[in-house]
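Asks: After the C-alpha cells below, expect a handful of questions from me.
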Amino acid sequence: MRNAAITGWGMALPEQVLTNADLERMVETSDEWIVARTGIRERRIAASSDTTLSLSLAASRQALQVAGLAPADVDLIVVATVTPDMFMPSTASLLQRELGAERAGAFDLAAACSGFVYALNVAAQFIRAGTYDTVLVVGADTLTRMIDFTDRGTCVLFGDGAGAVVLQATEAPVGILSTLLGSDGRGACHLFVDGWGTGIVDDEDRTALRRPYMKMVGSEVFRFSVRVMGEAAEAVVKQAGLTLADIDLLIPHQANIRIIDAAAKRLDLPRERIWANLDRYGNTSAASVPICIAEAAAAGALRPGMNVVLVAFGAGLSWGATLVRWGTDGVERRGGGE
Ligand code: ACO
C-alpha cells in the first residue's frame, strides 16, 4: 500500500503586527473582550509587499529545504487559498514559476479555512494512486485584504500567512492514514465574501462596488464549528482503527480558543496535546494548520510514530479532518536539496 508521508514543512508570516491595543484605537472593542471571547492577542497583517504568492513562495522554499528536495523534484503543486493575487492564472501556477519547479503540474483549491486539509487529502490521493511521488501542498491566505476594519465582529479575528508541506510516497504505514471531508452549503449565508466573482452581471453594480468584504454571522459559525471539529476528529481516529486515547497531538484550525477547547473536551484531550498559536497569529484561514505543523515540527513536538489529528472548518460551510502518523519511514530521497 502506498502512503503519503509529510517530509518537509515551512511557514511564512508578514512582519507587520496588529495588536489588540491597536484594534482598540480602530473599533469599539477591548483587549479583554478579544482575549476572553477568542484567545487572540495579536495577528500579522500583510504589508503592500506581501502577497499570497510571496508568502507561499517563502513557506514552500523552507518546506523543500527541510525535505532535502529541489524544485525540479516536485511533481505537483496544490495551493489552498481563497485570496489569490489574481483571478487567473492560479497562485499555484505563479508559485511553480517562482520556484522553478519545471516538471510540476499546478492548481489552486478553494475551501476557505478547511482548504489545507482538503488540499492535503487531494494531494495524498495522487500519491496513493501511484500518479505522483512528490507533491507540494500550500495553505496561504491574505484574508485581511478582504476584511472591513470598521466591522468589529470580523476585524479582530483574522491574520495573514502561509504554510507548506511536502508529501512523498512511501510503502511504510506513515503519513495520511485516514480522511474526512465535509460540506453543508446551506450554511453558505453565514460566512461569505460577495462582490468578487462573475456572479455580478450588472455593470452598474460592478462599478458601484467597493472592495469586497467578508460578512459573517459569528454565532452560527461558532455553533457549527464546535459540533463538526469534535465529530470529524473522532471519525478519522475511528477510521484509522484507533481510539481517542491514541491521539498524541491535535492540530486544529486556529479560529477561536473556545472552539478548540470545546473540541478538546469532546475528545478528552489535555491542553498539552493540542497545538495552539492563535494568540500570536489569529485566524490565518488555509494557512493556520500548516503553520501549526511547521511550528510544532520545529519545536520538536512532532516525533516519529506520533498520531496527529488535523481538523479544520470554514466557509462553505466546510470541514475536514485527517489522521497523520508522523514519520518518513520508507521515503526514497530522490533530490539533492537546493
Ligand atoms: N469587541 C467587543 N464586542 C464585540 C466584538 C468585539 N470585537 N464583536 C462582537 N461584539 C459584541 C456583539 O456586538 C454583541 O453585542 P450585543 O450583545 O450588544 O449585540 C456581543 O459582543 C456578543 O456577540 P456574539 O457574536 O454573540 O459573541 P460571541 O461570543 O459569539 O463571539 C465571535 C463572537 C468571536 C465572532 C464568535 O462567534 C466566533 O468566534 N465565531 C466563529 C467565527 C469563525 O471562526 N470564523 C472563521 C471561520 S473560518 C473561514 O472560513 C474564514
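Every number here is computed from the coordinates shown, using simple stated rules; none is lab data. All values derive from a computational prediction rather than experimental measurement. For neighbour counting, all protein chains shown are included, and Cβ atoms are generated from backbone atoms with ideal geometry for every residue, glycine included.
Asks: What residue, among those in region 94-108 that are closer than 14 Å to VAL135 by Cα and not in a loop (DSSP other than H, G, I, E, B), is nearest to the ligand (Cβ to nearest atom)?
Replies: From region 94-108, those closer than 14 Å to VAL135 by Cα are 95-96, 99, 101-108; that's our starting set.
Checking the rest, the ones that are also not in a loop (DSSP other than H, G, I, E, B) come to 95-96, 99, 105-108.
Details: LEU95: 22, GLN96: 26, LEU99: 27, GLY105: 26, ALA106: 23, PHE107: 20, ASP108: 16 Å.
Among them, the one singled out is ASP108.
Asks: Next question. What number goes with the only condition from (1) hydrophobic (A, V, I, L, M, F, W, C); (2) under 30 Å from MET214 (Cα atoms); (3) away from the ligand (no atom under 16 Å from the Cβ); (4) in a loop (DSSP other than H, G, I, E, B) that LEU250 does not pass?
Replies: (4)
Asks: Checking the condition closer than 23 Å to TYR118 by Cβ and either among the acidic types (Asp, Glu) or buried (at least 22 other Cβ atoms within 10 Å of the Cβ) (or both), which residue from ILE291, ILE274 passes? Outline the logic, then answer.
Replies: Working: ILE274 fails: either among the acidic types (Asp, Glu) or buried (at least 22 other Cβ atoms within 10 Å of the Cβ) (or both).
Step by step, each of ILE291, ILE274 is checked, and only ILE291 is closer than 23 Å to TYR118 by Cβ and either among the acidic types (Asp, Glu) or buried (at least 22 other Cβ atoms within 10 Å of the Cβ) (or both).
Asks: Give the residues of region 37-49 that are within 9 Å of the ligand (Cβ to nearest atom) and not β-branched (Val, Ile, Thr), sorted by residue number.
Replies: Result: ARG37, single match.
Asks: If the requirement is being outside any helix (DSSP H, G or I), buried (at least 21 other Cβ atoms within 10 Å of the Cβ) and in contact (Cβ under 8 Å) with a residue 12 or more places away in the chain, which of these qualifies: ALA46, ALA123? Working first, answer last.
Replies: Values: ALA123 fails: outside any helix (DSSP H, G or I).
After ruling out the rest, the residue left standing is ALA46.
Asks: So is LEU23 more than 30 Å from VAL122 (Cα to Cα), over 22 Å from the mean Cα position of the chain (by Cα) and among the aliphatic types (A, V, I, L, M) or not? First the steps, then the outcome.
Replies: Values: more than 30 Å from VAL122 (Cα to Cα): yes; over 22 Å from the mean Cα position of the chain (by Cα): yes; among the aliphatic types (A, V, I, L, M): yes.
Yes: the conditions hold for LEU23.
Asks: Could I ask something else about it? Which of (1) loosely packed, with under 12 Cβ neighbours inside 10 Å; (2) under 23 Å from the mean Cα position of the chain (by Cα) does GLY241 not meet, given it meets every other one?
Replies: (2)
Asks: Taking ALA232 as meeting all but one of (1) under 19 Å from the mean Cα position of the chain (by Cα); (2) aliphatic (A, V, I, L, M); (3) part of a loop (DSSP other than H, G, I, E, B); (4) more than 10 Å from the ligand (Cβ to nearest atom), write down the number of the exception.
Replies: Of the numbered conditions (1) under 19 Å from the mean Cα position of the chain (by Cα); (2) aliphatic (A, V, I, L, M); (3) part of a loop (DSSP other than H, G, I, E, B); (4) more than 10 Å from the ligand (Cβ to nearest atom), the odd one out for ALA232 is (3).
Asks: Okay, moving on. Taking into account only those residues within region 237-265 that are touching a Lys or Arg at 6+ places or on another chain (Cβ under 9 Å) and of a type in the set (D, E, K, R), which is farthest from VAL221 (Cα to Cα)?
Replies: ASP248
Asks: Oh, and also: With the checklist (1) touching a helix residue (DSSP H, G or I) at 6+ places or on another chain (Cβ under 7 Å); (2) over 17 Å from GLY163 (Cβ atoms); (3) not charged (D, E, K, R) in hand, flag the one item ALA276 doesn't pass.
Replies: Failing condition for ALA276: (2).
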